[in-house]
């Protein structure tokens, strides 16, 4: 919404909370509300969701209501109003148990062809919503793009072990190697999806920073990630020594964005090597948009043991 407003492009924001970028306050669970909001709309960017931080604090029914019924409401009303295209923000979490190979196997090379194996209600409902989008493309010809986004929120890691072992910035910079993106690049992918959807028709794309790794690195990543990183981005050692940081000893999966770059023309600007150079130069590694958006938090409550409770 910030980017659309700054570009002078007319956009209507709907949310369950008020904000400078919210024009209508309400829930996508409410079909009548969705219908009213869809009047005069020409395209839909669907980012509304309950997600991983809500798995413990919200019921499974709430996930079904928001992520499945809410998506169905938007699809029904979008097609009724003639609003095309439809861009759905999904998540790499849909891959679930497929993300972590057995102990003695190489790291997983995660492309769109990997079959999802959801491990919680979040993953189940997000993949179900993806299938609804595909159904509306097949049955009603709705141009629809699904973007499976990796981590881009700035909140602290949900794993206690990670928070205790790594400085927060250290952990996030490490993740740019295999499962993180800057929000500015995520936004750009969405805007490109809007422009390409009618030509593509339907597609699923992983949206994550471009990794320096290839399939040939997967065995080494699982056994000795620092060695693999040293070989490909040697400058990282200087930065990490200066800051007292450390690399993860192993990396178990790598998200691959090649299809999004090829078919959407996406050119993400933020990757591990780029972030390392920015930090070595004394610059903020985040985009101006990431700094502007900041941290919104997951819950109004403050939890004693992490940013949100986990299963």
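The numbers here are math on the coordinates, done by the rules we state, and not lab data. What you see is a predicted model, and the numbers here were worked out from it, not measured in a lab. When we count neighbours, we look across all protein chains shown, and the Cβ atoms used for this are built from the backbone with ideal geometry, even at glycine.
Structure notes:
- Sorted by Cβ density within 10 Å, fewest first, the residues 111, 92, 199: 199, 111, 92
- Panel order for 133, 144, by other beta carbons found within 10 Å of each beta carbon, from fewest to most: 133, 144.
- Stokes-Einstein D (µm²/s) once Rh is taken as the Kirkwood radius of the stretch 2-282 over alpha-carbon pairs, at 37 °C in 0.692 mPa s: 164
- Helix 183-200 vs. the chain, principal-axis angle (Cα, 0 to 90°, nearest 10): 50
- Here the translational diffusion coefficient of the stretch 1-157 follows from Stokes-Einstein with Rh set to the Kirkwood radius across Cα pairs; for 10 °C and 1.306 mPa s it amounts to 94 µm²/s.
- Highest average packing first - 258-265, 246-253, Cβ atoms within 10 Å: 246-253, 258-265
- The listed peptides 82-89, 157-164, ordered by packing as a protection proxy, come out as 82-89, 157-164 (highest mean of other Cβ atoms within 10 Å first).
- Cα long-axis angle, helix 70-81 against the chain (0 to 90 degrees, to the nearest 10): 50
- Alpha-carbon centroid distance for the pair the stretch 204-232 / the stretch 62-93, whole angstrom: 33
- Peptides 218-229, 299-310 ranked from most to least packed by the mean count of surrounding Cβ atoms within 10 Å: 218-229, 299-310.
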